[in-house]
1. Given a cut-off of 16 Å, what percent of all Cα-Cα pairs of the range 79-132 lie beyond it?
2. For the range 30-85, run through the GluC sites (Glu not before Pro) and keep only the ones in DSSP coil with at most 16 other Cβ atoms within 10 Å of their Cβ.
3. Could you please rank His145, His46, His137, placing first whichever residue has the fewest other Cβ atoms within 10 Å of its Cβ?
4. Sequence-distant or interchain residues sharing an amide H contact under 5 Å with Arg153, placed H: which?
5. Calculate the translational D of the chain in whole µm² s⁻¹ from Stokes-Einstein, where the hydrodynamic radius comes from the Kirkwood formula applied to all Cα pairs, the temperature is 10 °C and the viscosity 1.306 mPa s.
6. Starting at the first residue of the range 96-105, write each ³J(HN,Hα) from the Karplus equation 6.51 cos²θ - 1.76 cosθ + 1.60 with θ = phi - 60°, in whole Hz, x for Gly and Pro.
7. Assuming R0 = 45 Å, what is the FRET efficiency of Asp55 and Tyr154, from their Cβ-Cβ distance, to the nearest 0.05?
8. Return the calculated 222 nm mean residue ellipticity for the chain, to the nearest 500 deg cm²/dmol, obtained by summing -39500 (n - 2.57) across DSSP H runs with n ≥ 4 and dividing by the residue count.
Amino acid sequence: MSQISVVAIVGSPRKGGNTDLMTDAFLEGARSEGAEVEKIFLDDLHLRPIGPVGDVWEEREDVRADDDCRSVLERMAAADIVVFASPVYWQGVSAQMKMVIDRQSAYYMADWLREGMRGSGFFAITAYGDPENDQSHWVLEPIKHWARSFSARYLGEVAVRAAKWGEVAKQPGVLDEAREKGAAAVREMRGD
Ligand SMILES: Cc1cc2nc3c(=O)[nH]c(=O)nc-3n(C[C@H](O)[C@H](O)[C@H](O)COP(=O)(O)O)c2cc1C
């Protein structure tokens, strides 16, 4: 495979927050292996929830196609590795990320989306604040399921308990782990 491309979609609205910092570290690791990287901060974009879609998948239309969502989906489909980075928000991914994954249902049978995603590597990054229970599964399980739906490869995750803004930077080893996993993900997709 030629140069590996990585697109990370960050679903937290906190710049310099935990998922954002871990994403930067992951992308730094990927870049160190020669990958071309892009980070998309969803909260900067104009995105809306999916509108009404018909029951016949082949005939579906995105009735809200005038916002930024299609461009995000196209960049995801074109990448070799897609990083889904979202905090746990009320036992799920953030609304910013949920909007994007829902919106792909308007393009469900489109070749550019299905063929673009097939065989891609999916990686998950999450943070959760609960001091007592590991809540990461609320984000990781859906992303693993999305990988199966798209016939993509689930490459792994970085999941940490951290509540305060940017706290992961002070936790020993977290950003190093994200950096190492970014480099490893690129090597894996390249078949090294
Ligand atoms: C709207 C909202 C919902 C949250 N829901 C949960 C939750 O269900 N479980 C949990 O463990 N933490 C929850 N948290 C805490 C965040 O997951 C935690 O603060 C995380 O570090 C935020 O990541 P960020 O810095 O990348 O935004 C919630 C925070 C917010 C603002």
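Read-outs throughout are calculated quantities, based only on the coordinates presented, and are distinct from any laboratory measurement. Because the structure is predicted, anything quoted here is derived from the model rather than measured. So basically every Cβ, Gly included, is an ideal-geometry build from the backbone, and we count neighbours across all protein chains shown.
1. 54 percent
2. Answer by residue number: Glu61.
3. Fewest to most other Cβ atoms nearby, the residues stand as His46, His145, His137.
4. Under 5 Å from the amide H of Arg153 lie the amide H atoms of Gly119, Ser120, Gly121, Phe122, each far enough along the sequence or on another chain.
5. 95 µm²/s
6. So the J values, rounded to whole Hz, are 4, 6, 4, 4, 5, 5, 5, 4, 5, 5.
7. Here the calculated transfer efficiency is 0.95.
8. When only DSSP H runs of four or more count, the value is -11500 deg cm²/dmol.
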